[in-house]
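The values are calculated or read from the model by the stated rules, or taken from the named source; none is laboratory data. If you're wondering where the values come from, they're calculated on a predicted model, not measured in any experiment. Reconstructed Cβ throughout: ideal geometry from the backbone, glycine too, with neighbour counts over all protein chains shown. Heads up: the accessible areas ignore ligands, DNA and RNA and are worked out on the full protein's heavy atoms, side chains in. Shrake-Rupley method; radii C 1.70, N 1.55, O 1.52, S 1.80 Å.
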Amino acid sequence: MARQPKRPKDVTQLHGHHVVTGPELRATFAEDARAQRSRFRRRVFHAIVLVLLVGVIAAGAVGAWAIMNGVIKIPTAIASKAPTSLCPATTFDYVPNETVNIKVFNATSRAGLATTVADEFKARGYKVLSVDNSDTAYSGIGVVVSGVKGQAAAFNVQRNVAGTDYFQDNREDESVDLVLTRGYQGLVEPQLVDQTPGKLSCPREDLRIADSSRWPIIPTRPAQ
């Protein structure tokens, strides 16, 4: 009987246990090294994200503090506090009293005030179109209202009633409304009326921020 050739000894087995070879050991260490590098990169990435997040939160907190304390001023916020002027910038000549058509309204509790003032205007040559009562939240001396065509006439009226506030409406004629309010004291004496060229006066523009309810943009409402 022929002898069977002797099988080569399996060097990966020792007493029934697997023996780790050099290539397997190197592969294992290489895989561990790759895993460690991957974990290290993830930790670095997470650390960077955390630092950036903390920086954003800190910057937001500092910015909010700076805005609240006025260190940083937001342009839109500044602009919202500065009302656009509604007062015409045109310089007007003092037109003759006889060319002015005026309506006089009484917005005070003084009975007959509009009639009295209308008579004074008539004595100065004005054409009084009507006399009536009015309702207004305005608490100054008086309100002068006209359309664009009546601004020169409104300038004349303001020179005769010092301290009045001018408002423009959409009327197309040259008529002027004078609304007498509780601060009214009287007309300027005829000989003291300033007849030099000048501009319409809108004093409420300096006070609107402080008390917008007391100095409304549109103060007049004709009586019904």
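Worth a mention:
- Residues located in the range 105-132, provided they are among the small types (Gly, Ala, Ser) and either closer than 20 Å to ARG159 by Cα or touching a residue at least 12 places away in the same chain (Cβ under 8 Å) (or both): ALA107, SER109, ALA114, ALA118, ALA123, GLY125, SER130
- Inclusion of ALA123 among residues that are of a type in the set (Gly, Ala, Ser), open to solvent by 80 Å² or more (accessible area, probe 1.4 Å) and modelled with pLDDT of 95 or more is warranted.
- Taking the criterion of being among the small types (Gly, Ala, Ser) and open to solvent by 30 Å² or more (accessible area, probe 1.4 Å), the residues of the range 153-178 that qualify are ALA162, GLY163.
- Output for the range 31-54, where each listed residue is open to solvent by less than 80 Å² (accessible area, probe 1.4 Å) and at pLDDT 80 or above: ALA47, VAL49
- Each residue in the range 110-138 was checked for being out of contact with any strand residue (DSSP E or B) (no Cβ under 9 Å at 6 or more places or on another chain), farther than 22 Å from GLU174 by Cβ and of a type in the set (D, E, K, R), and 0 pass.
- Total residues in the range 123-152, condition under 16 Å from PHE105 (Cβ atoms) and assigned to a helix (DSSP H, G or I): 1
- Residue within the range 179-200 that is open to solvent by less than 30 Å² (accessible area, probe 1.4 Å), modelled with pLDDT of 90 or more, assigned to a strand (DSSP E or B) and under 26 Å from THR115 (Cα atoms) present: yes
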